[in-house]
1. Among the residues of segment 223-243, are any at pLDDT below 70 and either touching a strand residue (DSSP E or B) at 6+ places or on another chain (Cβ under 8 Å) or open to solvent by 30 Å² or more (accessible area, probe 1.4 Å) (or both)?
2. What is the one condition in (1) surrounded by fewer than 13 Cβ atoms within 10 Å (Cβ to Cβ); (2) of a type outside the set (Ser, Thr, Tyr); (3) modelled with pLDDT of 70 or more that Met154 does not satisfy?
3. Got at least one residue in segment 129-144 being open to solvent by less than 70 Å² (accessible area, probe 1.4 Å), at pLDDT 90 or above and within 26 Å of Gln197 (Cβ to Cβ)?
4. Every residue in segment 57-98 that is part of a loop (DSSP other than H, G, I, E, B), open to solvent by 40 Å² or more (accessible area, probe 1.4 Å) and not hydrophobic (A, V, I, L, M, F, W, C), please.
5. Testing Ile148 on (1) closer than 24 Å to Asp56 by Cβ; (2) open to solvent by 30 Å² or more (accessible area, probe 1.4 Å); (3) of a type in the set (A, V, I, L, M, F, W, C); (4) more than 19 Å from the chain's Cα centre (by Cα), one condition comes back false. Which one is that?
6. Scan segment 31-40 and give yes if some residue there is in contact (Cβ under 8 Å) with a residue 40 or more places away in the chain and not aliphatic (A, V, I, L, M), otherwise no.
7. With the checklist (1) open to solvent by less than 70 Å² (accessible area, probe 1.4 Å); (2) at pLDDT below 90 in hand, flag the one item Phe124 doesn't pass.
Amino acid sequence: MRSRWSYVYFAFYLILGFVLLFLNNDLSKGIITLMNIIIVLVPLISTIFGIMYYYDSREFTELLLAQPIKRSKIFLGQYFGLSISLMLSLVLGLGIPFISYGLFDGGSIGKFILLILAGAFLTFIFSAIAFWIGLNNENKIKGFGYAILLWLFMAVIYDGIFLLSLIMFQEFPLEKLTLFASLLNPIDLSRILVLLQLDISALLGYTGAVFKEFFGTNKGFVVAFIILCLWVIIPVFLIYRKAKFKDF
């Protein structure tokens, strides 16, 4: 919370929320615009903050390791401290404009909470992955490169490879492959989670349309929520396991 960049991050979403609501009072369109920004920006910022914080605090971490403190408390405390501060910047930065414009009627609250929930999941997921990459790479440049490459793969390359595979194998039944591929990418899964609740079939794309058709809106939400929880739990467990046995 003492990092100035947390407040810059908060100010960005605060200004963005006010500008979008000032230009367009249609909440659904505002949520779609914010979703397109959050889906790409939140993973990138979380990855950069996570990997930079790990390497910048490495000397202090080694000092803490010399004290009678459990490793799990040190590394999980650092991870949750960073991810929660980023999440609060996102929630407050977008929440204040929406509250100021008085757009919280019955249906709007659920849509906004779902948008924030998707952003929170992506924050926890990519912060954890960045920490884990840092733990596995002593070289700062190499770790930073791996972290950015992972974000680029999840945000851009993954969809390109997936769409190319759909085109190449379009003669085969690909519904199950599509569903499985959607679960393997938290960015795509978060996008589907939001769009399923907005009920905008035209914007779902092929993966989201199949997801909705196969699971149904309610089941799709539950499955997506569970998978996103696993995307948080597994990297955090890997951080705990790696920190426990790593020789510093």
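The values are calculated or read from the model by the stated rules, or taken from the named source; none is laboratory data. No experiment lies behind these values; they were computed from the predicted model shown. Because the Cβ atoms are built from the backbone with ideal geometry, glycine has one as well, and the counts that use them run over all protein chains shown. We work out accessible area using only protein heavy atoms, side chains counted, and drop any ligands, DNA or RNA first. Shrake-Rupley method; radii C 1.70, N 1.55, O 1.52, S 1.80 Å.
1. no
2. Only one criterion is unmet by Met154, namely (1).
3. yes
4. Passing the criteria: Gln67, Pro68, Lys70.
5. (4)
6. no
7. Exception for Phe124: condition (2).
Conditions tested, residue by residue: (1) of a type in the set (D, E, K, R); (2) assigned to a helix (DSSP H, G or I).
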| site | (1), (2) |
| --- | --- |
| Arg2 | yes, no |
| Leu16 | no, yes |
| Lys29 | yes, yes |
| Ile38 | no, yes |
| Ser46 | no, yes |
| Gly50 | no, yes |
